[in-house]
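Contents: one structure, followed by commentary.
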Amino acid sequence: MDVMRIRGGTPLKGVVKTQGAKNAALPVMASCLLLKGRTLTLENVPDLHDVSTMLDLLACLGVTMERLGNRMTFSVPEEISWEAPEHLVRKMRASSLALGPLLARCGKTVLPLPGGCSIGSRPIDLHLKGLMQMGAKIEIRNGIVYAQADQLRGRRIYLDFPSVGATENLMMAAALAKGETIIENTAREPEIENLASVLRGMGVTVDTEGTGCVRIKGVEEVQGCRERVIPDRIEASTYVLAGVITGGEVTVDDIVPAHMDALLAKLEEAGVRFHVGSSSVTVFPVRRLMPVSIRAMPYPGFPTDLQPQMVATLTLANGVSLVEESVFQARFLYSEELNRMGANITIKGDTAIIQGVERLQGASVRAMDLRAGAALILAALAAEGETRIDEMVHVWRGYEAIDKKLKALGADVALEEAEEK
Ligand code: UD1
C-alpha cells in the first residue's frame, strides 16, 4: 500500500511493542555467508522490505532460509556464489554488507557499487580501503567492484570516519582472516555489538571494549550459532515521539533504555516527563515542548536516523530549535514537506532552524526516504485535518505494521493503493 491517510489531533494512548532492529538484522543476516555447511538461527527478525531484499540476495547466492514467525534459520551450503546481483544491490545499500564475508569466505567477489540515495552520496571507500589493507586486490570497472584475496591477513586498520557499514564489513572479513585484526575509530552503535555477539557464537574471538576499537582473532572455519536481534531503537524512539507530538501517554515496550539515552536527554531538556522501566519507557502528556539544540552524530550521539522525526516534533515547540546534521549531507529534503503542513523550518548549511508554530495543518506530502516518511507521519498525527502521505514504499523498508501499531494507540490511519497515473 503506497498511500497513508492520517486524520490528526488525537492524543495517542497505550502500549506498543518494539520490533527487532533493521540495522542489526541486516548485518547479522549477511554474516551467515561466512558459514560452510552450517546454519545460523536468528530470533526477533523484523518483517520489513529491507529484510526481504537481504533474503533475496542471500537466496541468489545459494543460502536457504526457513522461517517460523520472527525466527529465521539460514542454511549455507559448502559452495555458494560470490557474485551479488546488481538489481538487489541497487535496491538496498546495505547489500554491500555481503562484500566482507563473501571475500573472506570465497576468496573473491563481484559486487556493484551501491550508489547514492536521497540523503546524500554514500561511498564505500572506507570498506574497500580496509579490505585492501588486509591484502585484497580491488578493482572498480564500470561501477562494479571486483575483489580478490586468497587469504586475508589481520592487521591494524584506522577508519577515517566511524562508519557503521565499514566497521561491520571489516569485522566479518576479519573473522576468517589470518591473525589478529585491530580496527580503530570504529562505529560504536549497539548494532555493532549484536554482530560481535554473532561472530563470538561462530567461535571467533571478538573484543569490542565499547571504546571505538574492535579486536578480532580470525579462525579457519566458523561454527553455526543462534542469536537474537536487538530491539530497534529508532522504531522505538519514533513511537516515543508519536506520544510526545500528540500530547499523549505512550509506553514503548521491549526496548533497551540505554540505547535511547540521547533522545531521552533531549526530551528531558524539552520539558517532557517520562518513566524509564527495565525494558520500557512511558512518556506523559506535555502541553508544549521547549525548544532544544541538537547535533546528529555517530553513537552515542543523537542518531541521524532520528533527526527527521525530532525536527518534526520540534516544529510545535515554543521557540526556536537548532538541529545540526553531521553524518549525511542532504538529510533535510523533507523539511519542504513539513513546511507545506505549516511548519517554519529554514535550512542553513548543515543546520535546520525550526521556528516553533502553534499548529500544523494536514496536506498532501511525499515520503522521500525512510526516516523522512516517519517524520511526516509524526507531523500528520499532530496536524489539524487530513494528511495524505505518498510513497509509503520507503516507510515499509523500516517500520513493521506501522499502520496497525498507530491504530492500536488510537490514531486515525488508513492505507490505500496509489491510483494509476
Ligand atoms: C548505517 C545505517 C543507517 C544510518 C547510518 C549512520 C544500516 C543498514 N544503515 O548506514 O541507517 O543512517 O549507519 O548511523 O545499518 N561514508 C564514507 N565512506 C564509506 C562509508 C561511509 O564516506 O566508506 C560516509 C557516508 O557517506 C556517511 C557517513 O560516512 O556520510 C556515515 O555512513 P555509515 O556510518 O557508513 O552508514 P551506513 O553503514 O551506510
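Summary table below
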| quantity | calculated |
| --- | --- |
| Segment 188-229 shape via C-alpha gyration tensor axes, a/c threshold 1.5 | oblate |
| For segment 22-115, the Rg and Dmax computed from alpha carbons only, in angstrom | 12.1, 35 |
| Kirkwood estimate for segment 75-178, i.e. one over the average of 1/r between Cα atoms, Å | 13.8 Å |
| Loop GluC sites (Glu not before Pro), segment 41-135, which have at most 16 other Cβ atoms in a 10 Å radius of their Cβ (DSSP) | GLU78, GLU79 |
| Potential lengthening between VAL393 and GLN223 on full extension [0.36 nm per residue; Cα-Cα distance subtracted] | 57.5 nm |
| Whole-Å semi-axes of the ellipsoid equivalent to segment 13-54 (Cα gyration tensor, √5λ, descending) | 26, 11, 7 |
| Gain in span if fully extended, SER52 to ARG141, counting 0.36 nm per residue against the direct Cα distance | 29.2 nm |
| Residue-averaged [θ]222 nm for the chain, counting only DSSP H segments that reach four residues, each worth -39500 (n - 2.57) | -8500 deg cm²/dmol |
| Volume per residue that the Cα convex hull of segment 327-421 spans, once the total is divided by residue count, Å³ | 119 Å³ |
| Burial order of peptide ranges 202-211, 373-382 (average beta-carbon count within 10 Å, highest first) | 373-382, 202-211 |
| Flagged links, alpha-carbon separation over 23 Å, of LYS91/LYS407; LYS108/LYS129; LYS36/LYS129; LYS266/LYS407; LYS17/LYS407 | LYS91/LYS407; LYS36/LYS129; LYS266/LYS407 |
| Approximate spin-label separation ARG5-GLU324, in nm, with each point projected 7 Å along Cα-to-Cβ | 4.3 nm |
| At 1.002 mPa s and 20 °C, Stokes diffusion of segment 232-337 via Kirkwood alpha-carbon radius, µm² per second | 155 µm²/s |
| Fraction of beta bridges assigned by DSSP in the chain that are antiparallel (%, nearest 5) | 70 percent |
| Chain lengthening between LYS36 and THR346 when straightened (0.36 nm per residue, less Cα-Cα) | 106.3 nm |
| q = 0.09, 0.12, 0.13, 0.14 Å⁻¹: log10 I(q)/I(0) that the Debye formula gives for segment 22-228, counting C-alpha atoms only | -0.28, -0.52, -0.62, -0.73 |
| Binned Cα-Cα distances of segment 180-302, short to long, each 5 Å bin given as a whole percent | 2, 10, 17, 18, 15, 12, 10, 7, 5, 3, 1, 0 |
| Lys/Arg +1, Asp/Glu -1 at C-beta; segment 13-106 dipole; positive extreme among ALA25, LEU103, LEU88 | ALA25 |
| Electrostatic dipole magnitude of the chain [Cβ: Lys, Arg +1; Asp, Glu -1; Cα centre; debye, to 20] | 460 debye |
| Modelled label reach - GLU268, point 7 Å along Cα→Cβ, segment 198-227 residues with backbone N closer than 15 Å | none |
| Distance (nanometres) between label positions extended 7 Å along Cα→Cβ at ALA401 and ARG156 | 5.0 nm |
| Share, in percent, of DSSP beta bridges within segment 22-228 that are antiparallel, nearest 5 | 75 percent |
| Table column - 3J(HN,Hα) (Hz), segment 169-185, Karplus curve with 6.51, -1.76, 1.60, x for Gly and Pro | 4, 6, 4, 5, 5, 5, 4, 10, 7, 7, x, 9, 10, 10, 9, 9, 6 |
| The chain - convex hull of alpha carbons, volume per residue in Å³ | 130 Å³ |
| Whole-Å distance, taken between Cα centres, linking segment 195-229 and segment 1-54 | 22 Å |
| Against the rule of thumb 2.2 N^0.38 Å, how large the Cα Rg of segment 222-281 comes out | 1.33 |
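Any read-out appearing in this document is the output of simple, stated calculations on the displayed coordinates, not a laboratory observation. It should be emphasised that the depicted structure is a prediction, and the values quoted were computed from it without experimental measurement. A quick note on method: Cβ atoms are made from the backbone with ideal geometry, for glycine too, and the neighbour counts reach across all protein chains shown.
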